[in-house]
Amino acid sequence: MFPTAVVLVLALAAPPADPAEAFQKAESLYASDRFGEAEPLFESALRSDDRFLKRQAYNRLMNLYVRSGRPDKAIRLAGPYREWLKGLGDATGLAGLDLLTGECRLELGYTEEADKLLGAALAADPPLPPDRRLEALRLRGEVARQHKDAAEKERWAELERAARDVAKDAVRVDDTPARITAGRYLAEALLRRGDIDAALAALAAFPELHDKLDDPLGRSDTQRQRAKLLVKQGQYPQAAALFKEALDLQRTFRPKRRLVAGDILAEWSAAAVGRPEGAKLRDEAAIEYRAALDAPTDTPDAGGPLAAFIRLQSLTRSAKQFRLALDVARTAGERWAGDALVDGRLNSDRGGLELMTSAYQTARKSLLVALADLDAADPPNLRALPKVLVNLATAELACDAPERADPLLDRCAELYRKHGLAADAVRAERDYLSGVTAARRGDFARAMERFRSGLALCETVGRSADPVRFNLWLNVALIHKEQGDATAAGDALQNASAVLAGFSEPDDLSGALIDAVRADLFLSQGKVGPALALVPNLEATCTKHGYRSGYLWATARHVRALDLLTRKDVPGAEAVWTGLAEAQRKEGHVLLARTLNFLGVCAELRGNTADATKQFEEARAFQADRPRCPPVTRAITLWRLAALADRARPHGRREETARRGVRRGRPRAAEHVRRGRTARPVLRAVRPGVRTARGVVRPRRGRGGVAPRGTAEPQPHAPRPDARDRRGPARR
């Protein structure tokens, strides 16, 4: 806590009266990424009458806000800065400010406003310097790409033409650095237009030019750019050689820039996904980023400790090392605790990671703080805000509060509508979660409508939405299972498997989740054997990741218990369900009701009516506090209690007792009971060798001895899987 206390004391200290002295102190803090402390000092320097110092203070504050992830504050500062530049008649400064402010608007998601500012910068008189002009054109291409504008191709063509013109002028005046700069922008434009061969050709002569300039770091940058292009062509061996050369040059000639070395290794490891060296390269990148957290930097604007921290988190997220990423957030991120400029971003990142590790209550607290910070921003961050709303809605759902999730999801959809935001993975996830809340209410028609809408959005968005597409197909499978359509459920699972096969790295958690849903589907058909065959993989995955709770673990234990029951081992099955119930009570897991129902069945099979009644009563009390438990689970609880009470009363009162039991339940549960949709898989399991207890009602049969089509047995089952429950492929 001591470093945090020091930060807070320093932040509250009055700035020096002398603007020049304040600026110098701010520079030192800025270089070490202590942004919250540097901000008031730079603001104090703005009071200077020295135009040069005042311009420096404005520029530093603008860069400080960009580096700390607060482009909203940079946009607000641009207002007085613009007026000051107008007073000076500084057209060049105004053009540069338009360029930077346009980039900030783009960062926040305001593509139209960004485009106007970039257009103004390009129309400035005198014109922007060549390199700044190329950057403005590149950003306009990004605007069109993010907005999914039909003008995107023409934007990249415009950048290509401008880069060729700058390169020709550079050759004419023998300005090699300008030629190289133009060539890099040319390669970017050609890549965006899909011509990788031409992009590589544009860079081919540059390594030799760097050697003539005695510029090893420039050669490192060029080889790194060429390597990434070769990766896109599928030429990994050639790319690996260039990555290695770039890394060696960086370590030889600028060994203290650990951040850049980490970036090269991170890009190399991404190219090596699925190869033996991939994990080793990723570990080396993490080492470099950790070193950069404490290493001094000679060029703060190129990235400092905060950039290293963010990239380290991104690296561990990409490897699905969510617990490790959370540890980084809690330890390395502590140095910025209390920094008002950075704290909101850290809470957002930490909350997302807490979701991925199933720390839902903690995630909810972090995300509420992050949302409050985003709500205070002006203008709002249209990139970060939807993601925080979706993550917070996920946490509310996990905390069994869908009534708090729905307004968050509605607000997210309204942001996209009001601001004309292009569809992306977050928007698709919003529809996915909206479908989950509908399913929790038992409104399966609405849920399927939302899931289909989400799948359509995933088609529009493309590969980046595949993790959401995976979850959508799983939920579609579960709803079809509930409706008794095993064929449609199986088809949906096949679609989920196909999405999983397209992931860049093997994902054992997602694969295990498919097996868990498939096991549930087998159980709904009374097929304990095929479900049991899937359990070893579920157990191995749980052991690997240390899970002793959640959907995967509960499914594995539940199938084990049912297998024991079918083999006449009632005490063994009861022992497994008892252990499972103990764990589920601790976390208040929705599957506890299912487990208690089966413990009640075991007690009935033992002839212990009192114990059976106790288990079913606990299940009923548990569900009374959780109205969104699955209706089929509630139906079995009420039916068994009615049957047990019926058994204890005179024959003439039994029918009325059963009716009273039905009326106590929700209409959906009552309908399950009235239609005779009982737990037939359990009966099938015990009938071969264990005599059924008196009072267990046999299901209504259709032709051929099977249940009528479309009437799935109300087996107590798992809730719809959630993206965070599986800790699946990386999110926003």
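Looking only at region 213-227, decide whether some residue is at positive phi and surrounded by fewer than 19 Cβ atoms within 10 Å (Cβ to Cβ).
Yes: one or more hits.
How do the pairs read when you match residues in region 110-126 that are closer than 13 Å to Gly93 by Cα with residues anywhere that are in a helix (DSSP H, G or I) and β-branched (Val, Ile, Thr), using Cβ under 8 Å and keeping only pairs 6 or more apart or on different chains?
That search, which allows pairs on different chains as well, returns Ala124/Thr92; Pro126/Thr92.
Yes or no: Arg193 surrounded by 21 or more Cβ atoms within 10 Å (Cβ to Cβ) and either at pLDDT below 95 or under 23 Å from Glu142 (Cβ atoms) (or both)?
The answer is no for Arg193.
Which of (1) surrounded by fewer than 21 Cβ atoms within 10 Å (Cβ to Cβ); (2) in contact (Cβ under 8 Å) with a residue 60 or more places away in the chain; (3) of a type outside the set (Lys, Arg) is the odd one out, the single condition Ser28 does not satisfy?
(2)
What about Gly462, is it farther than 23 Å from Ala501 by Cβ and either without any contact (Cβ under 8 Å) to a residue 60 or more places away in the chain or hydroxyl-bearing (Ser, Thr, Tyr) (or both)?
So Gly462 fails the test.
Is one or more of the residues making up region 408-417 farther than 23 Å from Tyr551 by Cβ, within 16 Å of the chain's Cα centre (by Cα) and either not charged (D, E, K, R) or not in a loop (DSSP other than H, G, I, E, B) (or both)?
Yes: region 408-417 contains one or more residues that are farther than 23 Å from Tyr551 by Cβ, within 16 Å of the chain's Cα centre (by Cα) and either not charged (D, E, K, R) or not in a loop (DSSP other than H, G, I, E, B) (or both).
Given Gly102, Gly109, which one is modelled with pLDDT of 95 or more, on the phi > 0 side of the Ramachandran plot and under 40 Å from the mean Cα position of the chain (by Cα)?
Gly109
Restricting to region 27-50, and then to whatever is assigned to a loop (DSSP other than H, G, I, E, B) and within 39 Å of the chain's Cα centre (by Cα), can you tell me which residue is farthest from Asp343 (Cα to Cα)?
Looking at residues that are assigned to a loop (DSSP other than H, G, I, E, B) and within 39 Å of the chain's Cα centre (by Cα), I get Ser32.
Here is a yes/no grid of residues against (1) touching a strand residue (DSSP E or B) at 6+ places or on another chain (Cβ under 9 Å); (2) surrounded by fewer than 22 Cβ atoms within 10 Å (Cβ to Cβ); (3) among the charged types (D, E, K, R):
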residue: Lys232; (1), (2), (3): no, yes, yes
residue: Tyr236; (1), (2), (3): no, yes, no
residue: Glu245; (1), (2), (3): no, yes, yes
residue: Arg254; (1), (2), (3): no, yes, yes
residue: Ile264; (1), (2), (3): no, no, no
residue: Ala270; (1), (2), (3): no, yes, no
residue: Val273; (1), (2), (3): no, yes, no
residue: Leu281; (1), (2), (3): no, no, no
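Of the residues Ala201, Ala239, which is among the aliphatic types (A, V, I, L, M), closer than 21 Å to Lys168 by Cα and either in contact (Cβ under 8 Å) with a residue 24 or more places away in the chain or out of contact with any helix residue (DSSP H, G or I) (no Cβ under 8 Å at 6 or more places or on another chain) (or both)?
After applying the criteria, what remains is Ala201.
The conditions are (1) in contact with a His (Cβ under 9 Å, 6 or more places away or on another chain); (2) surrounded by fewer than 22 Cβ atoms within 10 Å (Cβ to Cβ), and Leu478 fails exactly one of them. Which is it?
With respect to (1) in contact with a His (Cβ under 9 Å, 6 or more places away or on another chain); (2) surrounded by fewer than 22 Cβ atoms within 10 Å (Cβ to Cβ), Leu478 is out only on (2).
Let me spell it out: the conditions are (1) closer than 29 Å to Thr394 by Cα; (2) crowded, with 24+ Cβ neighbours inside 10 Å; (3) at pLDDT 75 or above, and Thr357 meets all of them except one. Which number is the exception?
All conditions are met except number (2).
Has region 477-485 got at least one residue that is in a helix (DSSP H, G or I), small (Gly, Ala, Ser) and at pLDDT below 95?
So far as region 477-485 goes, yes, one or more of its residues are in a helix (DSSP H, G or I), small (Gly, Ala, Ser) and at pLDDT below 95.
Phe470: aromatic (Phe, Trp, Tyr) and more than 30 Å from Ala272 (Cα to Cα), yes or no?
no
Could you check Ala292 against (1) modelled with pLDDT under 85; (2) over 20 Å from the mean Cα position of the chain (by Cα) and say which number it fails?
It fails just one condition, (1).
Name the residue, out of Ala439, Ala445, Ala413, that is out of contact with any strand residue (DSSP E or B) (no Cβ under 9 Å at 6 or more places or on another chain) and modelled with pLDDT of 95 or more.
Ala413
Could you tell me whether any residue of region 372-394 is modelled with pLDDT of 95 or more, touching an Asp or Glu at 6+ places or on another chain (Cβ under 6 Å), in a helix (DSSP H, G or I) and more than 30 Å from Asp149 (Cβ to Cβ)?
So far as region 372-394 goes, no, none of its residues is modelled with pLDDT of 95 or more, touching an Asp or Glu at 6+ places or on another chain (Cβ under 6 Å), in a helix (DSSP H, G or I) and more than 30 Å from Asp149 (Cβ to Cβ).
Quick check on region 163-179. Is at least one of its residues under 25 Å from Val461 (Cβ atoms), without any contact (Cβ under 8 Å) to a residue 12 or more places away in the chain and of a type in the set (A, V, I, L, M)?
No: zero hits.
Give all pairs with beta carbons closer than 8 Å in which a residue from region 477-503 that is under 14 Å from Ala519 (Cβ atoms) meets a residue that is acidic (Asp, Glu) and buried (at least 17 other Cβ atoms within 10 Å of the Cβ); count only pairs at least 6 apart in sequence or on separate chains.
These pairs meet every condition: Leu478/Asp520; Lys481/Asp520.
Scan region 139-160 residue by residue and report those that are among the aliphatic types (A, V, I, L, M) and farther than 26 Å from Leu457 by Cα.
Scanning region 139-160 gives Ala157, Leu159.
In region 50-57, is there at least one residue being in contact (Cβ under 8 Å) with a residue 60 or more places away in the chain and closer than 23 Å to Ala124 by Cα?
no
How many residues are small (Gly, Ala, Ser) and modelled with pLDDT under 95 when one looks only at region 594-609?
Total satisfying the criteria: 1.
Condition test on Ala489, is it in contact with a His (Cβ under 6 Å, 6 or more places away or on another chain) and of a type outside the set (Val, Ile, Thr)?
The answer is yes for Ala489.
Any residue at all in region 461-478 that's touching a Ser or Thr at 6+ places or on another chain (Cβ under 6 Å) and not hydrophobic (A, V, I, L, M, F, W, C)?
No: zero hits.
State which residue is nearest to the chain's Cα centre (by Cα) when the search covers only region 554-581 and only residues that are surrounded by fewer than 24 Cβ atoms within 10 Å (Cβ to Cβ) and at pLDDT below 95.
Thr566
Could you give every pair whose Cβ atoms fall below 6 Å, whose first residue belongs to region 134-150 and is over 17 Å from Ala123 (Cβ atoms) and at pLDDT 95 or above, and whose second residue is surrounded by fewer than 19 Cβ atoms within 10 Å (Cβ to Cβ) and not basic (Lys, Arg), counting only separations of at least 6 or pairs across chains?
Qualifying pairs under 6 Å: Ala144/Ala151.
Okay, residues lined up against (1) out of contact with any Phe, Trp or Tyr (no Cβ under 9 Å at 6 or more places or on another chain); (2) modelled with pLDDT under 95; (3) of a type outside the set (A, V, I, L, M):
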site: Phe2; (1), (2), (3): yes, yes, yes
site: Leu29; (1), (2), (3): no, yes, no
site: Ser44; (1), (2), (3): no, no, yes
site: Leu85; (1), (2), (3): no, no, no
site: Ala91; (1), (2), (3): yes, no, no
site: Leu94; (1), (2), (3): yes, no, no
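Among the helices (runs of 4 or more DSSP H) contained in region 175-291, which hold 2 or more residues that are among the aromatic types (Phe, Trp, Tyr), out of contact with any Gly (no Cβ under 9 Å at 6 or more places or on another chain) and farther than 25 Å from Arg145 by Cβ?
By residue number, 236-253.
Test Arg677 against the stated conditions and say whether it is over 26 Å from Arg548 (Cβ atoms), buried (at least 22 other Cβ atoms within 10 Å of the Cβ), modelled with pLDDT under 80 and of a type in the set (Lys, Arg).
So Arg677 passes the test.
The values are calculated or read from the model by the stated rules, or taken from the named source; none is laboratory data. The structure presented is a predicted model; accordingly, all values stated were derived computationally and were not measured. Neighbour counts are summed over all protein chains in view; Cβ atoms, including those assigned to glycine, are modelled from backbone coordinates with ideal geometry.
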